[in-house]
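Just below is one structure, and these are the notes that go with it.
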Amino acid sequence: MIQLIRGFKDVLPGESELWQHIEQTAAALFTDFGFKEIRIPIMERTELFARSIGEDTDIVEKEMYTFPDRKGDLITLRPEATASICRSYIQHKLYAADPVKKYFTIGPMFRRERPQKGRYRQFYQLDAEVFGSASPYVDAQLIYMLKILFHRLGVTDIMAHINSLGCPECRPDFRDALLAYITGKEAELCADCRRRKDKNPLRVLDCKVPACREAMAAAPSILDHLCDACHVHFETVKTALENLQTPFTIDKRLVRGLDYYTRTTFEMQTGSLGAQSAVAGGGRYDGLVKLLGGPEIPATGFAIGFDRLAEIVAQAGETYVVDPDLYVAALGEAALPLAFAWIAKLSEAGIRAEMDFEGRSLKSQMKRADRLRAGHVLIVGDDEIKKKTAILRNMMSKAQDEVPFEGLLETLGARLGKKE
Ligand code: AMP
């Protein structure tokens, strides 16, 4: 038997209803905050990711699914969505009339990481990006919107971790201070950090290896090196969050190793997931649109790990599975076409109706209705056809009564229809 690829997974009915619930909740909320959905392809030229994510990152170095297409062009299954959204923003000159644009997208991402709990090779992200504003209020708004989304989904064990990365003016100063701190500690660092420290010392700060964490515990904080403009920007984000009663903690280890990342950076963390505590990550990337060949336009955004979010939401134990409202037990040849027409009309009217086409006995049809967790069963056989009434059984209370064929669809509509 052919099995799915390691690190990939199926989302089966039972779980897919929860996924729909999250998608719909997020899309509705983001729309209320003025975001519009953008749908981008899942493959792009490799160069786009190499340039935007950075050649010396884990993702580009060893995690991308890259292959030549039949003409030999190198293409990559997207490991994240920001690069494609920027590419689209630039390519279609979406900034032309009004540079401020807010987009969201939901879809699969691909990274060839070591699979483990909460970590897949095809995983999903909910992504939101805002172009055209350098304002700290936009950063605060994104964090607030995330908080509201988590709360609407019943996730309250969530904390915003925030930091500032400064800007091309003040970061070199911090980089020097960090490099000075690291020098002399090389022996305590992992091989990756030793290799990367000169090119990208900021990445040593967020290395997850315990020895590196220990070695970096007393490292200088970037917040002590911010220029005045970056300092004011960060203070405004903090005040705006306080004004919206959005709790946060300052996390000086939260860094991104790439030059185009600027100022606010954040992560939403939860205690509900064990090792993989980050359920969303984001921040400002004022330099990326220019780096990818567009005009100098600031931007900020986030990506939520959908699989992890679904895992947390599932812990609440609520079910989003919808059961049939009605099961029509048709007995005998004559009942079949009647039942067939009824379930077609009922389903069309939004009453979830099922039936049996195989002519099974009443007993086995009742068993099946039970298994499907149908709310009601409508029984129709030769006797009922003669009397022109069907029997309606409430599967919870077990109460039964007769429903005349005349006006049957209206009666069922009134009794089983949506109660809103
Ligand atoms: P990143 O794009 O690396 O900033 O990740 C954003 C979010 O996506 C993270 O906070 C995770 O929740 C999620 N994520 C990243 N990589 C994976 C993965 N391999 N499997 C599942 N979720 C992931």
Subject >> Matching residues in region 162-192 - criterion: being within 30 Å of the chain's Cα centre (by Cα) and within 25 Å of residue 62 (Cβ to Cβ) >> reply: 165, 192
**OP:** Could you list, in sequence order, all residues of region 363-376 that are under 16 Å from residue 351 (Cβ atoms) and either crowded, with 16+ Cβ neighbours inside 10 Å or free of Cβ contacts under 8 Å to residues at least 12 places away in the same chain (or both)?
**Re:** 369, 374, 375, 376
Subject >> Looking only at region 121-167, and only at residues there that are in a strand (DSSP E or B) and among the acidic types (Asp, Glu), the one that is nearest to the ligand (Cβ to nearest atom) >> reply: 127
**OP:** Give the number of residues within region 391-413 that are within 11 Å of residue 349 (Cβ to Cβ) and either in contact with a helix residue (DSSP H, G or I) (Cβ under 6 Å, 6 or more places away or on another chain) or loosely packed, with under 15 Cβ neighbours inside 10 Å (or both).
**Re:** 2
**OP:** Tell me which of these residue 204 doesn't satisfy, since it passes every other one: (1) in a helix (DSSP H, G or I); (2) in the same structural domain as residue 288 (by TED's automatic domain parsing); (3) surrounded by 20 or more Cβ atoms within 10 Å (Cβ to Cβ).
**Re:** (2)
Original post:
Does at least one position in region 314-334 carry a residue that is of a type outside the set (Asp, Glu), outside any strand (DSSP E or B) and touching a His at 6+ places or on another chain (Cβ under 6 Å)?
Top reply: yes
Original post:
If you take the residues in region 210-219 that are assigned to a loop (DSSP other than H, G, I, E, B) and surrounded by fewer than 16 Cβ atoms within 10 Å (Cβ to Cβ), which one is farthest from the chain's Cα centre (by Cα)?
Top reply: 218
Subject >> Hey, residue 83 buried (at least 21 other Cβ atoms within 10 Å of the Cβ) and touching a residue at least 40 places away in the same chain (Cβ under 8 Å) or not >> reply: yes
**OP:** Quick one: which strands (runs of 3 or more DSSP E) lie wholly within region 225-301 and hold at least 1 residues that are within 18 Å of residue 200 (Cβ to Cβ), touching a strand residue (DSSP E or B) at 6+ places or on another chain (Cβ under 8 Å) and within 15 Å of the ligand (Cβ to nearest atom)?
**Re:** 262-270, 278-284
Original post:
Quick one: is residue 318 away from the ligand (no atom under 16 Å from the Cβ) and within 17 Å of residue 156 (Cα to Cα)?
Top reply: yes
Original post:
Regarding residue 379, is this residue surrounded by fewer than 19 Cβ atoms within 10 Å (Cβ to Cβ) and touching a residue at least 12 places away in the same chain (Cβ under 8 Å)?
Top reply: no
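The values are calculated or read from the model by the stated rules, or taken from the named source; none is laboratory data. What you see is a predicted model; the values in this text were computed from it and never measured. All Cβ positions, even for glycine, are placed from backbone atoms using ideal geometry, and neighbour counts span all protein chains on display.
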